[in-house]
Amino acid sequence: MQESTDEPLISHHAAVVFLLAVVVGLLAGGLTRASGHPWPDAVLAGLAAAAAAVLAGHRLIGR
């Protein structure tokens, strides 16, 4: 049996960056769909925005 550790699975920094990416991706995809574009375009826009949010959020949010 392994000893339990008190370390979190991911750091707070990573959790905030990924939460930001999810919110930005959902907003971008939802707004793209609401503007009349088909679902595949909205999904691609949401994924691209989420990827950009991860890259930008990692730099902008302090550790």
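The values are calculated or read from the model by the stated rules, or taken from the named source; none is laboratory data. Note that the structure is predicted; figures quoted are calculated from it, not measured. Glycine also receives a Cβ, built like all others from the backbone with ideal geometry; neighbour counts cover every protein chain displayed. Heavy atoms of the whole protein, side chains included, go into the accessibility calculation; ligands, DNA and RNA do not. Shrake-Rupley method; radii C 1.70, N 1.55, O 1.52, S 1.80 Å.
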Scanning for something within 13 Å of the chain's Cα centre (by Cα) and among the small types (G, A, S), does segment 30-44 turn up at least one residue? no
Given (1) among the small types (G, A, S); (2) modelled with pLDDT under 95; (3) open to solvent by 60 Å² or more (accessible area, probe 1.4 Å), where does A15 come up short, assuming only one miss? (3)
Checking D6 against (1) open to solvent by 70 Å² or more (accessible area, probe 1.4 Å); (2) assigned to a helix (DSSP H, G or I), the condition it does not meet: (2)
With respect to L47, determine if the residue is at pLDDT below 95 and in a helix (DSSP H, G or I). no
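Identify all residues within segment 23-43 that are surrounded by 14 or more Cβ atoms within 10 Å (Cβ to Cβ) and either modelled with pLDDT under 95 or in a helix (DSSP H, G or I) (or both); write none if there are none.
V24, G25, L27, A28, G29, L31, T32, R33, D41, A42, V43
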For segment 45-63, give me each residue that is surrounded by fewer than 13 Cβ atoms within 10 Å (Cβ to Cβ) and under 13 Å from the mean Cα position of the chain (by Cα). L55
